[in-house]
1. Exactly one of these conditions fails for G293: (1) part of a loop (DSSP other than H, G, I, E, B); (2) touching a His at 6+ places or on another chain (Cβ under 7 Å); (3) among the small types (G, A, S). Give me its number.
2. Is one or more of the residues making up region 313-326 on the phi > 0 side of the Ramachandran plot, surrounded by fewer than 15 Cβ atoms within 10 Å (Cβ to Cβ) and at pLDDT 95 or above?
3. Scanning region 35-53 for residues that are β-branched (V, I, T) and touching a strand residue (DSSP E or B) at 6+ places or on another chain (Cβ under 9 Å), which turns out surrounded by the most Cβ atoms within 10 Å (Cβ to Cβ)?
4. Please list, ordered by first then second residue, the pairs with beta carbon atoms under 6 Å, 6 or more apart or interchain, first in region 45-65 and part of a loop (DSSP other than H, G, I, E, B), second aromatic (F, W, Y).
5. Within region 315-324, can one find any residue that is assigned to a loop (DSSP other than H, G, I, E, B) and among the acidic types (D, E)?
6. Go through the residues of region 22-34 one by one and say whether even a single one is surrounded by 20 or more Cβ atoms within 10 Å (Cβ to Cβ) and not assigned by TED's automatic domain parsing to the domain that holds K151.
7. For region 193-286, which helices (runs of 4 or more DSSP H) that fit wholly inside it have 2 or more residues that are under 18 Å from L326 (Cα atoms) and in contact (Cβ under 8 Å) with a residue 24 or more places away in the chain?
8. Enumerate the strands (runs of 3 or more DSSP E) found wholly within region 70-118, keeping only those where 2 or more residues are under 16 Å from W257 (Cα atoms).
Amino acid sequence: MSLKKTPLHSLHLAHQAKMVDYAGWEMPIEYAGILAEHKQVRTAAGIFDVSHMGESIISGPQAEAMVQLLVTSDVAALQDGQIAYTVMCTEDGGIVDDLLVYKFSPHKFLLVVNAANTQKDLEWIKQHQLPDCEITDASEEFAVIAIQGPKAEDILQPLCPSDLSGIKLFRFIPDSEVAGKSALISRTGYTGENGFEIYLAPADAPHVWEALLNQGGSDIAPAGLGARDTLRFDAKLPLYGQELGPDISPLEAGLAWCVHLDKPEFIGQAALREQAATGPKRKQVEFELLGRGIPRSGYPVHKDGKEIGYVTSGYHAPSLDKAIGLALIASEYAQPGETIDIVVRKRTIPARIGRGLFYVPAYRRRKKTKK
């Protein structure tokens, strides 16, 4: 079976990208190199092809009620033009997927899901369709370009008639333009930096991609999925299949802030209420390795020779120059300052649980400055 290609595929090849199979798509993993692209985004701007993400539109008189049923966040509290990061759960509280919900109005929502889960999620959504709701698989209708980094706004603004400074975090403009092409623009991303995601007609994507690169000059460069992963990791942003999954609840994963237990009924609400009342049996923790090694996803975590959990993600964090990780462990051991052991290729390496070990995203730094 041949791999799917995004509308930007030929441009990736022109930029000499290394291409890989990702969730059935032929995608760029790197161009100049993962570390170089990581630094580019942290210091200036990078441009990503995220057209492989899945999109569904839910519309109709009961659209808001249906989205309320599907996700843990209270979407009735969103204003038109606002976005929620949230999760869909099973009845037992496990995570079906994490996603972005774009609210156009109470009668129209765009749901953006992980590429690897697109078909599974669409089937899940259809299973819970309410009367007077229409579900549209819009994945083929959009190409999506992300421009991320401290110089992203300065590069994008000359190409856009809308005032980008007026788009707050997790807000969007549904009817704008970039380089003369119709676009939805949102202040969102998966890097921990200021930036935007641009939704376009597939045929318009190559023109906009080239326009952004020409506008940014040396301040912008294409970045692949490899840098996207290191950037999300050292900003402590979760990844489905590692921090999140059907056997992990949002309360265990540290996402209690997007679980609104008192809103109208949603799938998994009863199980999550029970878990909130008793406390989750497992918790996600940050840790720093105290010896040499790299803590990889799936490595066991021990305490006094007993296995208490596993690493969900771990790297030598590029922005921080230290080996850190995230682990899901038994709650009784999830205390800052607690020492644990990471089993790395049959070697046991000590680590210390901490807080604030990760890169502080730009939007959190702005909040702290305002206080």
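The values are calculated or read from the model by the stated rules, or taken from the named source; none is laboratory data. In this text the structure is predicted, and so the values were computed from the model without any measurement. Every residue, glycine as well, gets a Cβ built from its backbone with ideal geometry; the counts of neighbours run over all protein chains shown.
1. Exception for G293: condition (2).
2. Within region 313-326, not a single residue is on the phi > 0 side of the Ramachandran plot, surrounded by fewer than 15 Cβ atoms within 10 Å (Cβ to Cβ) and at pLDDT 95 or above.
3. Top of the filtered list is V41.
4. Between residues of region 45-65 that are part of a loop (DSSP other than H, G, I, E, B) and residues that are aromatic (F, W, Y), the close pairs are H52/W25.
5. yes
6. No - not one qualifying residue is present in region 22-34.
7. 225-234
8. Passing ranges, in order: 82-89, 95-105.
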